[in-house]
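Everything on this sheet refers to the single structure shown next.
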Amino acid sequence: MPPMVKEDRYDIFFSYAWEDQKRATELVLALRSAGMTVFQDFSRMEDFDDIGMEIRSALERSRTLVALYSPDFPRSPYCQWELRSALTWAYQLDGHIRRVMTVVQDLAYSDVRPRGLTDLRLPALNAPADQVVRSLVAAVRQLKDDGSRTFGAVPTAREPEWWPYRLAAPAPFYGRLGELWDVRDALLADDHPGPPVVRILGLGGQGKTLLAVRYAATFAADHPGGVYVLQGFGSHRHTRGVPARIAALRADQLTAIAARLRLDVKDSAAESVEAALRQHLAGIRDPYLWIVDDLPGGIDAQLCG
């Protein structure tokens with residue numbers, strides 16, 4: 001096992017599952033031979049271990065992240081934390097995610113999440129180390145022309161507040177990582193006019209609310225402007241299928257949000273509350289998220305817009 005190399009800055013933070021250590025070390029040594037400074041962690045983290053300060057510090061001091069994306073990679077919560085953090089910081093630094101590169105091993109490209117990682121031309125599946133290293137070195141050297149900023153150049157994001165209140169902590173959540181990344185991809189897409197909207201469809205009891213709440217909790221750093229929640233339109237026994245009652249429930253929840261925000265509302269009319277909320281949201285510079293939960297089929301778009 002090669003010794004841990006500590007640098008003030010790293011060209012690459014190498015992220016990999018413990019099961020892939022042999023291949024990871026082969027690539028890391030080849031990258032160092034090519035002149036790259038690379039961070040590779042040799043501590044095998046177990047469930048409930050804390051993300052070490054050394055690992056977080058190394059990622060913050062790195063210009064790029066390379067993920068050795070094998071079948072074991074998405075199963076590791078620590079690899080997912082590294083990938084998620086690097087993607088968020090890369091987007092905040094540059095408006096794109098080219099600082100995050102993927103080497104796919106023993107897996108189809110279509111199984112990689114987020115899908116945006118495969119938008120760029122990647123090394124061939126299970127390609128020889130020298131071929132992979134040439135591609136990575138060329139990509140990293142292109143990025144070094146930007147002043148050599150590292151992920152740590154992103155200001156520390158604050159935990160977003162939830163309005164009117166934080167939803168209950170999600171239950172244990174397994175096997176839906178791909179869906180979480182798909183929601184994030186859709187919300188960050190820039191190929192459509194206006195604010196992005198993602199619809200989560202399905203029958204009752206399939207976990208639509210759980211997925212939305214888990215997304216908001218997992219990708220909190222993407223929405224520092226806050227999380228706003230409207231819910232109960234389809235399942236509430238007093239509103240089910242009655243447009244006037246749905247509108248009243250919506251107005252009550254918006255009023256609760258405005259009250260929590262201590263907005264200056266001229267009167268209690270729904271129009272005044274909405275106007276105050278729109279003015280408040282227009283002044284927020286950071287991205288924010290709305291969760292509009294439990295909408296019944298066939299509802300008028302304007303009713304809960």
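Full extension of the chain between Q131 and D190 gives 18.0 nm of extra length, using 0.36 nm per residue less the Cα-Cα distance. Compactness of segment 92-169 was expressed as the Cα radius of gyration divided by 2.2 N^0.38 Å, which yields 1.50.
Between P164, P243, P195, the residue with the greatest mean-square fluctuation in the GNM of the chain (Cα pairs under 10 Å linked by springs) is P195. Kirkwood's formula applied to the C-alpha pairs of the chain gives a hydrodynamic radius of 21.6 angstrom. Of the DSSP H helices in the chain, those with a Cα length along their own long axis of 24 Å or more and a mean Kyte-Doolittle hydropathy reaching -1.0 comprise 77-94, 243-261. Note on segment 81-229: Kirkwood hydrodynamic radius from all Cα pairs is 17.5 Å, rounded to one decimal. Using C-alpha pairs below 8 Å separated by at least 6 residues, the relative contact order for the chain is 15 percent. The amide H of T64, built 1.01 Å from its N in the peptide plane, has I12, F13 as neighbours under 5 Å, considering only residues 5 or more places off or on other chains. Calculated accessible area for segment 48-151 comes out at 47 Å² per residue, all protein chains present (probe 1.4 Å; ligands, DNA, RNA ignored).
Taking amide H positions as modeled 1.01 Å from N, with prolines and chain starts lacking one, the residues under 5 Å from W290 and 5 or more places away or on another chain are Y228. Based on Cα contacts under 8 Å between residues 6+ apart, segment 60-110 shows a relative contact order of 52 percent. Put the Cα centre of segment 55-101 next to the Cα centre of segment 13-34 and the gap is 15 Å.
Per DSSP helix of 4 or more residues, -39500 (n - 2.57); summed, then divided by the residues of the chain. What does that give at 222 nm, rounded to the nearest 500?
On the way: 8 runs with 109 residues, N = 305.
That comes out to -11500 deg cm²/dmol.
Residues with beta-carbon under 11 Å from that of E82, excluding E82: net charge, scoring Lys, Arg +1 and Asp, Glu -1?
Surrounding charge for E82 is +1.
Computed over protein heavy atoms with a 1.4 Å probe, the accessible surface of segment 181-234 works out to 47 Å² per residue.
In the chain, the portion of solvent-accessible area held by carbon and sulfur atoms comes to 52 percent [1.4 Å probe, whole percent, DNA, RNA and ligands not counted].
The values are calculated or read from the model by the stated rules, or taken from the named source; none is laboratory data. The model shown is predicted, which means the values in this text are computed figures rather than measured ones. All Cβ positions, glycine included, derive from the backbone under ideal geometry; neighbour counts span all protein chains shown. In case anyone asks, the SASA skips ligands and DNA or RNA and just uses the protein heavy atoms, side chains included. Shrake-Rupley method; radii C 1.70, N 1.55, O 1.52, S 1.80 Å.
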